[in-house]
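The values are calculated or read from the model by the stated rules, or taken from the named source; none is laboratory data. Everything numeric here is computed off the predicted structure, so don't read it as measured data. With ideal geometry, Cβ positions are generated from the backbone for all residues, glycine too; neighbour counts draw on all protein chains shown. Protein only, heavy atoms only, side chains kept; ligands, DNA and RNA dropped before computing areas. Shrake-Rupley method; radii C 1.70, N 1.55, O 1.52, S 1.80 Å.
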Amino acid sequence: MKTLLPGKDEQKEISKAIFSIVVPRPIAWISTVSKEGVVNLAPFSFFNAVTTKPPIIMVSIGKRKDGTLKDTDRNIRETGEFVVNFVSKEFLEKMHLSGKDYPPNESEAEILNVPTEPSKIVLPPKVKGVPAALECKLKEIVEIGDTPMSLIFGEVVAIHFEEELLETSKGIVGRLGGKRYTIIDNEIDLSNL
Ligand SMILES: Cc1cc2nc3c(=O)[nH]c(=O)nc-3n(C[C@H](O)[C@H](O)[C@H](O)COP(=O)(O)O)c2cc1C
């Protein structure tokens, strides 16, 4: 078994190991709106729920190579609102492509032909047809790490979901190492133990 020592071994190897070991990661496909009104859509897998009362989620967003904020990060700081969309197989490729760098004045939702519909409480729209979406308001941002990453905490103000998700998570997409993904297609229920 291989051992890496952060700070000693090459950063590229450390990152690759973390990306490949901490799996599967849930994917927050985040919609935001810029001050100018452009809808932005981008995926983030350093994402999870941290509390349920009230429901709070976190997402960790890095800076661009030139040190500037990614559009999602900037829009959340400027407007205080975002929507976390959950991805099913039919959206997998579009979600992946929305992770490429598009200029701030161009909407990934429009370019990639991703249908959206109004949210209930926040201004950013949700993706139409996803199995679940969380409308969020910015709670707190913690700068962490050497980049540094923006660790964004959002309070969930509306939860939309297909009710069958309460019985089965089949069909939800998760992120693996590299450019690999998984689609939940097998579950083990231990509720009898
Ligand atoms: C599945 C997937 C997961 C990603 N996870 C993250 C992440 O957790 N944090 C991050 O900073 N970038 C992540 N990225 C890269 C961003 O999506 C990418 O930088 C994107 O261009 C940001 O878009 P924006 O500038 O519109 O916000 C991920 C990309 C993909 C395809």
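Data for the structure
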read-out	value
Sequence-distant residues sharing a close amide H with VAL157 (under 5 Å, placed H)	GLU135, CYS136, LYS137
Neighbour-limited loop hits for GluC sites (Glu not before Pro), region 1-57 (at most 15 other Cβ within 10 Å; DSSP other than H, G, I, E, B)	GLU10, GLU36
Structure-based [θ]222 nm, the chain - -39500 (n - 2.57) summed over DSSP H runs of at least 4, per residue, nearest 500	-4000 deg cm²/dmol
Candidate aspartates and glutamates - alpha carbon under 16 Å from LYS2, same-chain residues fewer than 8 apart omitted	GLU10, GLU13
For VAL38, residues with placed amide H under 5 Å, excluding near neighbours	none
Principal axis dimensions, largest first and in whole angstrom, of region 107-193 by Cα	42, 36, 28
Carbon plus sulfur fraction of accessible area for region 37-193, probe 1.4 Å, in percent	53
Whole-angstrom Cα spans of region 148-193 along principal axes, big to small	44, 33, 23
Region 82-93 - phi-based ³J(HN,Hα) in whole Hz, Karplus 6.51/-1.76/1.60, Gly and Pro as x	7, 10, 9, 9, 9, 9, 9, 3, 4, 9, 3, 5
Radius of gyration and maximum dimension Dmax of region 26-183, Cα, Å	14.6, 45
Column: log10 I(q)/I(0), Debye, Cα scatterers of region 22-101, q = 0.13, 0.19, 0.23, 0.25 Å⁻¹	-0.42, -0.90, -1.24, -1.36
Over region 26-183, relative contact order from alpha-carbon pairs under 8 Å, at least 6 apart, %	27
Cα centroid separation, region 51-117 to region 157-193 (Å)	20
